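Chemist: Below you will find the structure I want to go over with you.
FYI, it's all coordinate maths here, none of it is from the lab. Predicted, not measured: the structure shown is a model, and the values here were computed from it. Here the Cβ is made from the backbone with ideal geometry for all residues, glycine too, and neighbour counts use every protein chain on show.
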Amino acid sequence: MTVDGWGEALKLVDEVLELCEQGENRRYKATMLNSKAAILMSQGEVTRAADLWDEALKIQQEIGDAEGEAQTLYNMAYVSAEHDEVDKALDLWRKASVLKGKIGDVPGQANAIRNMASLLASHGQAEKALELLSEAVALETRVEATGQ
């Protein structure tokens with residue numbers, strides 16, 4: 001997307017955020033904050049993006065939106081991994097995995113675990129990565145076998 005395209009996207013997100021404020025739709029506001037953070041992140045505005053993710057996360061926790069919270073944690077983990085903040089990324093993916101499991105999103109749970117494994121493998125921790133991959137495969141196999 002071009003710089004103008006991102007600017008237009010941010011303008012639209014800001015308009016939606018304003019509507020969310022007027023209508024007091026906190027769940028959608030958190031979703032839009034998450035989206036805006038992703039746009040800012042793609043433009044290299046790490047600090048602003050992190051602030052928006054923190055704000056979205058707070059709202060999601062307050063209203064009990066576990067699905068949104070898991071997605072926000074997942075996004076934050078991905079960015080942390082991209083910036084070589086290994087411990088932070090692992091912690092965020094771990095939290096996202098737990099939430100995904102609680103809401104019954106086993107494929108999402110397995111994906112978060114697989115991401116942790118990939119990160120560990122890329123940092124020379126093959127044994128721990130294999131353990132996590134085994135855990136992810138076990139979850140996926142259970143879903144395929146039982147449909148759950």
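Chemist: Can you give the FRET efficiency for Glu144 and Glu18, using 1/(1 + (r/R0)^6), R0 = 41 Å, r = Cβ-Cβ distance, to the nearest 0.05?
Modeler: Approximately 0.40, to the nearest 0.05.
Chemist: Still on this structure, please answer the following. Counting other beta carbons within 10 Å of each residue's own, what order do Thr141, Thr146, Thr31 fall into, fewest first?
Modeler: Thr146, Thr141, Thr31
Chemist: Among Lys95, Lys58, which comes first, then next, by fewest other beta-carbon atoms within 10 Å?
Modeler: Exposure proxy ranking, most exposed first: Lys58, Lys95.
Chemist: Another question, then. Using a 10 Å cut-off around each Cβ, can you sort Leu139, Leu12 from fewest to most neighbouring Cβ atoms?
Modeler: So the ranking, lowest neighbour count to highest, is Leu12, Leu139.
Chemist: Moving on to the next point. Taking the Cα atoms only, what angle lies between the long axis of helix 66-82 and the longest principal axis of the chain, rounded to 10 degrees?
Modeler: It works out to around 80 degrees.
Chemist: Give the angle, between 0 and 90 degrees and rounded to the nearest 10, that separates the Cα long axis of helix 106-122 from the longest principal axis of the Cα atoms of the chain.
Modeler: Computed tilt is about 80 degrees.
Chemist: How compact and how long is the chain, expressed as Rg and Dmax of its alpha-carbon atoms in Å?
Modeler: 16.8, 51
Chemist: I'd like the Karplus ³J(HN,Hα) series for the range 47-58: coefficients 6.51, -1.76, 1.60, θ = phi - 60°, whole numbers in Hz, and an x wherever there's a Gly or Pro.
Modeler: Karplus-based 3J(HN,Hα) across the range 47-58 equals 5, 4, 4, 4, 4, 5, 5, 4, 5, 4, 4, 4 Hz.
Chemist: Using only alpha carbon pairs under 8 Å that are at least six residues apart, calculate the relative contact order of the range 87-148 and give it in whole percent.
Modeler: That works out to 30 percent.
Chemist: Need the full-extension length gain, Lys58 to Val137, defined as separation in residues times 0.36 nm minus the C-alpha distance. One decimal, nm.
Modeler: Answer, rounded to one decimal: 25.3 nm.
Chemist: While we're on this one: Placing +1 at every Lys and Arg Cβ and -1 at every Asp and Glu Cβ, with all other atoms neutral, what dipole size does the range 87-148 have around its Cα centre, in debye to the nearest 20?
Modeler: Roughly 220 debye, rounded to the nearest 20.
Chemist: If you build a Gaussian network model of the chain, linking Cα atoms that sit under 10 Å apart, which residue out of Leu130, Leu33, Leu73 swings the most?
Modeler: Leu130
Chemist: Here is a follow-up. In nanometres, what is the gap between the two model label sites at Ala50 and Ser122, each 7 Å from Cα along Cα-to-Cβ?
Modeler: If labels sit at Ala50 and Ser122, their model points lie 1.9 nm apart.
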